[in-house]
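Q: Okay, here's the structure, questions in a sec.
The values are calculated or read from the model by the stated rules, or taken from the named source; none is laboratory data. As the structure is a computational prediction, the values presented were derived from the model and not from experiment. Don't worry about glycine lacking a Cβ; one is built from the backbone with ideal geometry, like all the others, and counts go over all protein chains shown.
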Amino acid sequence: QAKAEGRNTYRFFEAKMGAQARERRLIEHDLRNALQRNELRLVYQPQMRMDTGAITGFEALMRWHNPRQGDISPTVFIPIAEESGVILQLGDWALREACREAASWDKPLSVAVNVSAVQLYSHDFTQRVHSALLHTGLQAHRLELEITETALIKDTNRALTTLRQLKTLGVRIAMDDFGTGYSSLSNVRAFPFDMIKIDRSFIKSVDKNEQAAAIVKAVLGLGRGLGMPVLAEGIETPDELEFLMGESCSAGQGFYLGMPGPMESFRHLVSGDAQPANKKLVAL
Ligand code: C2E
Ligand code: MG
Ligand code: MG
Ligand code: MG
């Protein structure tokens, strides 16, 4: 009886794994055609200064509408795109699309684009960034590339060489999801970062959770000591925002300050007659 049950459990497991692998292959196949079929778009989430409440720019986030399955989260399709290599095409598209968008704004706000490790280690990444800037006319300093600390540790020497090349173009570089990787703290100093983004897992309930508060204060101290601005990701409540302002965090981003959305909904913020300050920040 027990043996039979074990076998059934195994068969069930096997069938489930088979279904998952098939699903993955389908997604991979669909992803290869997603660009030509116009299924991808970028949404934008505002980033702002904590002291004045001024919007400094937007992070571009990829969205995919799959006709078979509906909307698929980037947390699902980006890893599949990375494994299959399609991320090179998707990433290039995102880079150009975000640069083209930002170049059309009246205000010289920044646009942040996420860069996968696969892109970072591809042989011609710096040239691709350079050509995106040339083709769109966006000034290099308005482009910020977000790179996770996990991406750096695969080959720190190569990553460092590429980041230095990127810096000579004049673009800015942010360390994304800081605190969740396993890189050494000395990487923050060794790599030419212009900004640290504290991962949102540490911002959640930072006003109530002593451990989270200790970590956030330590990262803010690190940023101050290195002269590097720190942005808090994932601010969802006024209490989290107030805590971060009290700790002199440089910048913020999160659902409470602005949900990611199509650029059309932010047009008034980037046009010449815009009111740049965020009411929630000014009210505090
Ligand atoms: P990320 O770069 O850390 O982006 C921030 C994620 O947090 C976004 O999720 C954003 O919608 C979400 N977020 C922002 N504020 C809040 C908040 O207050 N609360 C919560 N719970 N979430 C918040 P999204 O758009 O689903 O993207 C997830 C991840 O997928 C990104 O994390 C990034 O690693 C990756 N990704 C998205 N777009 C791209 C892309 O164009 N290229 C690459 N390589 N990766 C991308
Ligand atoms: Mg990011
Ligand atoms: Mg992040
Ligand atoms: Mg993240």
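Q: Which one is nearest to ligand 4 (Cβ to nearest atom), of the residues in the range 207-222 that are surrounded by fewer than 16 Cβ atoms within 10 Å (Cβ to Cβ) and part of a loop (DSSP other than H, G, I, E, B)?
A: Checking each candidate, the answer is Asn209.
Conditions (1) surrounded by 17 or more Cβ atoms within 10 Å (Cβ to Cβ); (2) part of a helix (DSSP H, G or I), marked per residue:
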position: Arg158; (1), (2): no, yes
position: Arg164; (1), (2): no, yes
position: Ser183; (1), (2): yes, no
position: Pro192; (1), (2): no, no
position: Ile196; (1), (2): yes, no
position: Arg224; (1), (2): no, yes
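Q: What are the pairs, 6+ residues apart or on separate chains, where a residue within the range 55-67 that is over 20 Å from Glu144 (Cβ atoms) has its Cβ under 8 Å from a residue that is within 12 Å of ligand 2 (Cβ to nearest atom)?
A: What qualifies is Trp64/Pro74.
Q: Still on this structure, please answer the following. Restricting to the range 59-91, give me the number of residues that are within 27 Å of Arg142 (Cβ to Cβ), away from ligand 4 (no atom under 16 Å from the Cβ) and either hydroxyl-bearing (Ser, Thr, Tyr) or in a strand (DSSP E or B) (or both).
A: Result for the range 59-91: 1.
Q: Residue by residue through the range 125-152, note down the ones that are within 16 Å of ligand 1 (Cβ to nearest atom), of a type outside the set (D, E, K, R) and within 18 Å of the chain's Cα centre (by Cα).
A: Result: Phe125, Val129, Leu143, Leu145, Ile147, Thr148, Thr150, Ala151, Leu152.
Q: Every residue in the range 165-212 that is of a type in the set (Gly, Ala, Ser), more than 16 Å from Gly252 (Cβ to Cβ) and more than 16 Å from ligand 3 (Cβ to nearest atom), please.
A: Within the range 165-212, Gly170, Ser184, Ser186, Ala190 qualify.
Q: Go through (1) farther than 21 Å from Leu257 by Cα; (2) out of contact with any helix residue (DSSP H, G or I) (no Cβ under 7 Å at 6 or more places or on another chain) for Thr237 and report which single condition fails.
A: Going through (1) farther than 21 Å from Leu257 by Cα; (2) out of contact with any helix residue (DSSP H, G or I) (no Cβ under 7 Å at 6 or more places or on another chain) one by one, Thr237 breaks only (1).
Q: Next question. If Glu97 passes every condition in (1) surrounded by 20 or more Cβ atoms within 10 Å (Cβ to Cβ); (2) at pLDDT 95 or above; (3) within 16 Å of ligand 2 (Cβ to nearest atom) but one, which one does it miss?
A: Result: Glu97 passes all but (1).
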